[in-house]
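Below you'll find the structure, written out as structure tokens, and then a few comments.
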């Protein structure tokens, strides 16, 4: 599980086409016989250490804090799409819910309408028939 998460994170941070070896080569399944005295091997060892730490951070369970997830409010000059993006990020970060999950989308919809700037909120309530 940690290896899979580490490979995904490495690929996100180092897209294909950039300089360097592919993620699977950086985190081998078998002993690569790297030598401490070889500069390239030392670099590979450092990359592997970084990948293991990334994998552990990604796989470690996070505490759920729905209050913090939904305390996000729309800023006065913020567009609705930017606000929705921030709301989705906070939901994923603090509640652990996938914003694409149907249940999470229902919660996001309610939070989006109730935490929007007042003029936007009124328009959304009219559209959804919430009044």
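Annotation: of all residues in region 54-67 being out of contact with any helix residue (DSSP H, G or I) (no Cβ under 7 Å at 6 or more places or on another chain) and more than 30 Å from residue 118 (Cβ to Cβ), the one that is surrounded by the fewest Cβ atoms within 10 Å (Cβ to Cβ) is 61.
Restrict the check to region 44-53 and report whether at least one residue is over 30 Å from residue 97 (Cα atoms), surrounded by fewer than 14 Cβ atoms within 10 Å (Cβ to Cβ) and modelled with pLDDT of 85 or more. Yes, region 44-53 contains a residue that is over 30 Å from residue 97 (Cα atoms), surrounded by fewer than 14 Cβ atoms within 10 Å (Cβ to Cβ) and modelled with pLDDT of 85 or more.
Within region 38-50, can one find any residue that is farther than 24 Å from residue 13 by Cα and out of contact with any helix residue (DSSP H, G or I) (no Cβ under 7 Å at 6 or more places or on another chain)? Yes: region 38-50 contains one or more residues that are farther than 24 Å from residue 13 by Cα and out of contact with any helix residue (DSSP H, G or I) (no Cβ under 7 Å at 6 or more places or on another chain). When you check residue 70 against the structure, is it assigned by TED's automatic domain parsing to the domain that holds residue 117, touching a residue at least 40 places away in the same chain (Cβ under 8 Å) and touching a helix residue (DSSP H, G or I) at 6+ places or on another chain (Cβ under 9 Å), yes or no? Yes: the conditions hold for residue 70.
The values are calculated or read from the model by the stated rules, or taken from the named source; none is laboratory data. Worth saying up front: this structure is predicted, and the values here are computed from it rather than measured. Ideal geometry is used to build each Cβ from the backbone, glycine not excepted, and the neighbour counts take in all protein chains shown.
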